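Quick notes on the structure that follows.
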Amino acid sequence: MANVMTANEMRRYTIRVAIYVVLGLCTIIFLTPVYLVIVTALKDPATINLASTWSLPESLYFESFNEVMVEFGPRIQNSVALVIAATAWSSIAGSLNGYVFSKWRIPGEKILFPLMLFGMFIPYQAILIPLFEFMRNVNLYGGIPGLILIHTVYGLPITTLIFRNFYVDIPDEMLEAASIDGADFWGLYRHVVFPLSIPGFVVVVIWQFTQIWNEFLFAVTMTNTDSQPITVGLAQLAGGEAVKWNLPMAGAIVAALPPLIIYIVLGRYFIRGLLAGSIKG
Amino acid sequence: MRSRKDRVIAFLMVLPSLVAIYIFVYGFIGQAIQTSTSDWGSNPAQPPLAVNVVKSYVGLQNYENIMTDMLEFSFRNSLANTFFFTIFFVVGCLVVGLVLALLLDQNVVGEGIFRTIFLFPMALSFVVTGTIWRWMLQPNGGINILPQQLFGLDPIDFGWVNSRDVLFPFEWGQVPTYLTYFGIAIIAIMVVNFAMKGRWRASQYGVIAIVIMGLVLMAGLWDKIWLPLDEAATEAIIAPKGFNAALIGIIIAAVWQMSGYTMAMFIAGIRGIPEELREAARVDGCSEIGIYWRIVLPQLNPIILSAMIILGHISLKIFDLVFAMAGPDNAQTVVPGLLVYIEGFRENSFARASAIAVIMLFFVSVIIVPYLWSQLREEV
């Protein structure tokens with residue numbers, strides 16, 4: 001009689017099957033755009049038309065990627081330079097800020113910290129025109145150094161928040177013990193706080209890297225043709241009328257790849273950065 | 001133990017960041033407000049990009065322009081678009097995110113893989129998403145021909161971002177009236193709430209407010225202030241306000257990208273519910289569905305509110321997705337974030353762009369400031 005299911009087991013079994021069916025459908029829906037991007041990017045532009053949108057390529061055609069790399073040209077290097085510098089500066093500053101805000105008393109911190117956090121929620125359109133004026137006045141408009149400065153400053157609220165929430169969990173007793181041994185501000189940071197903050201740095205670096213790589217508003221308004229990052233290149237590639245769709249799709253893959261690789265390899269840390277944006281760590 | 005010298009060093013270490021934020025956030029906001037009350041970019045005698053451009057104070061004229069001028073209707077369209085975009089985008093992300101989170105809470109095999117798949121669009125740039133979905137939503141290809149290719153059905157006949165259909169049309173002139181009704185409804189709920197708690201004084205004030213608002217409606221006061229907009233000639237020029245169907249595709253793309261985020265928030269929330277709570281309900285004879293309805297969902301309420309605020313403020317700022325999917329010049333899909341770019345960086349109408357930017361900041365602040373305040377107050 002072991003093969004016969006009771007009504008209850010039957011019901012449970014049906015529910016399990018239904019759950020997997022729905023999950024499978026959701027997976028297909030979420031991955032449909034991925035399928036379309038890949039097949040289109042690998043098609044010979046001569047074979048791309050609306051009717052055959054969904055079909056697999058007849059033969060694999062990789063030339064689009066070469067063409068895209070030429071089209072993007074220096075924009076990829078611009079993005080790399082921008083992302084590395086801005087991520088490094090905003091992470092280092094964020095770590096110091098987080099250390100001070102969590103372990104030192106500074107006058108007015110109950111007001112200063114929220115005022116700082118507000119900076120990560122504002123629509124950047126609200127500061128765009130004064131920023132444009134400012135960058136022109138200090139002669140940084142239109143170049144990578146200017147863009148690095150912008151992303152460093154507007155990255156400070158989130159990096160400070162993540163590090164502060166991270167450092168709050170370090171027991172004060174550890175710092176007290178070290179300071180009895182004679183450690184000063186820098187000693188405590190170097191010997192107690194910094195060695196414990198490697199996961200914090202991973203979260204912050206990943207977060208800043210993806211945000212700055214993906215950013216478009218500053219990229220399109222604060223640059224000139226020589227200093228545009230990759231997102232602007234992609235928008236131009238796809239923006240014209242009567243585009244050959246193999247190029248924008250190959251471009252989308254190239255532009256998406258660095259953050260995607262990070263997400264797949266270090267997903268756990270990525271999610272922590274994501275959830276930190278809703279304030280509580 | 002910690003010397004005075006170290007405290008000074010600590011302060012000096014955050015000082016550069018504080019000064020930078022002070023200038024780049026608060027200084028620039030002040031400057032944007034100032035610019036929005038000037039004629040920078042609209043005075044023909046002053047080239048906007050000249051080194052010594054003279055900006056004269058014009059009071060609230062730019063605001064008046066974008067709210068009432070016949071030719072400046074894009075801003076009003078963008079407000080209507082943002083309104084509908086926000087509602088459908090937030091509800092869409094909440095529903096999809098909640099469904100995915102609840103499904104993944106069923107001890108599913110391969111849960112990590114599913115989670116990775118549903119969350120990966122969050123790692124993409126809005127520009128990448130927009131480019132991909134623009135191809136997905138080609139009027140004569142993409143999704144539209146999918147039913148034909150899979151099941152031999154008729155292709156879908158819908159232009160997506162090229163559509164000019166308007167759903168839920170309303171008259172711009174009626175907006176204050178709608179808002180008044182909405183306000184009355186909210187206050188009425190509060191009055192009932194206060195009355196049930198026995199707070200008579202508070203509910204009295206609520207009733208007075210309702211009476212005043214009702215009088216305003218009956219007197220037709222809004223029409224007298226607002227109506228000049230709605231003369232027949234004006235209506236002909238101003239595109240009818242409503243939910244532009246061209247936004248539907250953009251909303252779908254945005255939900256595809258962001259619903260993984262709400263899913264992650266919900267999963268974190270569900271994990272935070274102590275198993276004993278669910279176990280106790282089970283012992284009391286609560287069904288599995290009952291457990292979700294009575295225990296899990298109420299525990300998720302604060303997360304739903306946080307998600308609404310985060311998503312809502314993203315939607316108010318949306319720019320790059322619309323830019324990449326519909327282009328910057330699509331009148332049907334215009335949003336305030338895009339208008340600041342067009343008015344400021346294409347037309348060099350810096351003052352008008354600033355006025356739009358300040359209004360954007362106002363709306364974002366209305367939802368973010370109370371949120372920030374409550375979040376940080378709880379913490380301390």
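The values are calculated or read from the model by the stated rules, or taken from the named source; none is laboratory data. Nothing here was measured: the structure is a model prediction, and the numbers come from that model. Reconstructed Cβ throughout: ideal geometry from the backbone, glycine too, with neighbour counts over all protein chains shown.
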Would you check which residues across region B:93-117 are within 7 Å of chain A (Cβ to nearest Cβ) and over 19 Å from residue B:292 (Cα atoms) and list them? B:114, B:116, B:117
Looking at region B:118-139, can you tell me whether even one residue there is touching a helix residue (DSSP H, G or I) at 6+ places or on another chain (Cβ under 8 Å), within 13 Å of another protein chain (Cβ to nearest Cβ), more than 30 Å from residue A:266 (Cβ to Cβ) and among the aliphatic types (A, V, I, L, M)? yes
Region B:313-341, residues that are surrounded by fewer than 21 Cβ atoms within 10 Å (Cβ to Cβ), of a type outside the set (A, V, I, L, M) and more than 10 Å from every other protein chain (Cβ to nearest Cβ): B:329, B:330, B:332
Go through region A:90-104 residue by residue and tally those that are at the interface with chain B (Cβ under 7 Å from one of its Cβ atoms) and of a type outside the set (A, V, I, L, M, F, W, C). 1
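Consider residue B:73 carefully, then state whether it is part of a helix (DSSP H, G or I), within 23 Å of residue A:128 (Cα to Cα), touching a residue at least 24 places away in the same chain (Cβ under 8 Å) and more than 8 Å from chain A (Cβ to nearest Cβ). Steps first, answer last, please.
Details: part of a helix (DSSP H, G or I): yes; within 23 Å of residue A:128 (Cα to Cα): yes; touching a residue at least 24 places away in the same chain (Cβ under 8 Å): yes; more than 8 Å from chain A (Cβ to nearest Cβ): yes.
Considered against the rule, which asks whether it is part of a helix (DSSP H, G or I), within 23 Å of residue A:128 (Cα to Cα), touching a residue at least 24 places away in the same chain (Cβ under 8 Å) and more than 8 Å from chain A (Cβ to nearest Cβ), residue B:73 comes out as yes.
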For region B:175-192, does any single residue satisfy the condition of being in contact with a Gly (Cβ under 8 Å, 6 or more places away or on another chain) and not in a helix (DSSP H, G or I)? no
Taking region B:10-59 and keeping residues β-branched (Val, Ile, Thr), touching a Ser or Thr at 6+ places or on another chain (Cβ under 9 Å) and either surrounded by fewer than 17 Cβ atoms within 10 Å (Cβ to Cβ) or facing another protein chain (nearest Cβ under 9 Å) (or both) leaves B:14, B:33, B:35
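Residues checked against (1) outside any helix (DSSP H, G or I); (2) in contact with a Phe, Trp or Tyr (Cβ under 9 Å, 6 or more places away or on another chain); (3) touching a residue at least 24 places away in the same chain (Cβ under 8 Å); (4) outside the structural domain of residue A:227 (by TED's automatic domain parsing):
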{"site": "A:115", "(1), (2), (3), (4)": "no, yes, no, no"}
{"site": "A:123", "(1), (2), (3), (4)": "yes, yes, no, no"}
{"site": "A:128", "(1), (2), (3), (4)": "no, yes, yes, no"}
{"site": "A:154", "(1), (2), (3), (4)": "no, yes, yes, no"}
{"site": "A:164", "(1), (2), (3), (4)": "no, yes, yes, no"}
{"site": "A:173", "(1), (2), (3), (4)": "no, no, no, no"}
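Per-residue answers, yes or no, for (1) in contact (Cβ under 8 Å) with a residue 24 or more places away in the chain; (2) surrounded by 14 or more Cβ atoms within 10 Å (Cβ to Cβ); (3) more than 12 Å from every other protein chain (Cβ to nearest Cβ); (4) of a type in the set (Ser, Thr, Tyr):
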position	(1), (2), (3), (4)
A:177	no, no, no, no
A:183	no, yes, no, no
A:189	yes, yes, no, yes
A:194	yes, yes, yes, no
A:199	yes, no, yes, no
A:202	yes, yes, yes, no
A:205	yes, yes, yes, no
A:208	yes, yes, yes, no
A:213	yes, yes, no, no
Considering only region A:24-54, state which residues are of a type in the set (Ser, Thr, Tyr) and more than 30 Å from residue B:93 (Cα to Cα). A:47, A:52
Can you give me the ranges of the helices (runs of 4 or more DSSP H) entirely in region B:242-313 with at least 1 residues that are touching a residue at least 24 places away in the same chain (Cβ under 8 Å)? B:247-271
Within region A:79-93, is even one residue out of contact with any helix residue (DSSP H, G or I) (no Cβ under 9 Å at 6 or more places or on another chain) and polar (S, T, N, Q)? no
For residues in region A:124-145 being touching a Ser or Thr at 6+ places or on another chain (Cβ under 8 Å) and surrounded by fewer than 24 Cβ atoms within 10 Å (Cβ to Cβ), which is farthest from residue B:344 (Cα to Cα)? A:144
Regarding residue A:68, is this residue in contact with a helix residue (DSSP H, G or I) (Cβ under 8 Å, 6 or more places away or on another chain), without any contact (Cβ under 8 Å) to a residue 60 or more places away in the chain and β-branched (Val, Ile, Thr)? no
